[in-house]
Amino acid sequence: MSEKKYILSESEAQQKLKRMSLEIAESLSGQEGPVLLIGVQNSGVVIAEAIGGLLRPFLDKKNDIVSVKLNKHHPDKVELSEIVPLNGVNIILIDDVTNSGKTLLYALKPLLNWHPRTIQTLVMVERMHKMYPVKPDFVGLSISTTLEEHIQVETIDGKIVGAYVV
């Protein structure tokens with residue numbers, strides 16, 4: 001196994017989360033409708049919970065969190081953790097790392113059966129190997145990697161403790 005090479009420490013990750021929360025609050029300023037944070041299991045949910053907590057002081061609207069489950073290698077079956085009406089809702093779809101854009105694209109699939117007010121995407125780390133037409137709206141860190149390298153967002157007890165390349 002390759003050695004971990006950290007690209008984000010815990011404090012840097014927290015700083016990125018705070019910045020992205022402020023960017024979301026600014027983008028939703030003046031928008032009507034509730035906010036729904038949808039985290040791609042597993043790390044995307046941890047990020048969604050952190051963002052949700054950071055957003056509360058800035059939004060005068062309710063923000064709920066649900067998760068979306070899919071197999072990232074075979075994403076044809078996508079499930080939301082609970083059935084929630086999405087008409088008129090401002091959705092932020094959240095994942096830990098984007099590489100080709102495939103996971104975010106497939107995670108959008110069940111949302112298209114509704115008429116949300118807005119859909120925006122957020123990733124903690126964006127890699128530069130796009131193969132699908134999905135570009136995150138909010139990015140913690142953009143990094144160029146080789147195709148052989150992989151990035152992991154590390155979580156412990158529901159808290160982001162860093163991100164590393166292997």
Debye intensity ratio in log₁₀ form over the Cα atoms of the chain, taken at each q of 0.13, 0.20 Å⁻¹:
-0.58, -1.39
Answer with one residue from 52, 15, 35: the one whose Cα lies farthest towards the positive end of the charge dipole of the chain, charges on Cβ with Lys, Arg +1 and Asp, Glu -1.
35
On a C-alpha basis, how far is the centre of the stretch 37-56 from the centre of the stretch 7-24 in Å? Whole number, if you could?
12 Å
Over the chain, the sum of -39500 (n - 2.57) across DSSP H runs of at least four, divided by residue number and rounded to 500 deg cm²/dmol, gives at 222 nm -7500 deg cm²/dmol
Taking Cα atoms, the helix 43-55 axis meets the longest principal axis of the chain at an angle in degrees (rounded to 10) of 50 degrees
Please state the relative contact order of the chain as a whole percent: Cα pairs under 8 Å, 6+ residues apart?
27 percent
I'd like the GluC sites (Glu not before Pro) in the stretch 103-166 restricted to DSSP loop residues with at most 11 other Cβ atoms within 10 Å, sorted by number.
148
Please give the length that would be gained between residue 87 and residue 118 if that part of the chain were fully extended, namely 0.36 nm times their separation in residues minus their C-alpha to C-alpha distance (nm, one decimal).
10.2 nm
Evaluate the charge dipole of the stretch 57-97 about its Cα centre and quote only its size in Debye, nearest 20, assuming +1 on the Cβ of each Lys and Arg and -1 on the Cβ of each Asp and Glu.
40 debye
Just order 3-9, 115-121 by mean Cβ neighbour count inside 10 Å, highest at the front, would you?
115-121, 3-9
Counting only DSSP beta bridges with both partners in the stretch 1-82, the antiparallel fraction in percent, to the nearest 5, comes to 35 percent
Listed by chain and number, the residues whose amide H is under 5 Å from that of residue 155, excluding neighbours fewer than 5 places away on the same chain and using placed H, are 161
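Each value in this text was obtained by applying a stated rule to the coordinates, not by laboratory testing. No experiment lies behind these values; they were computed from the predicted model shown. Neighbour counts run over all protein chains shown; Cβ positions are idealised from the backbone, glycine included.
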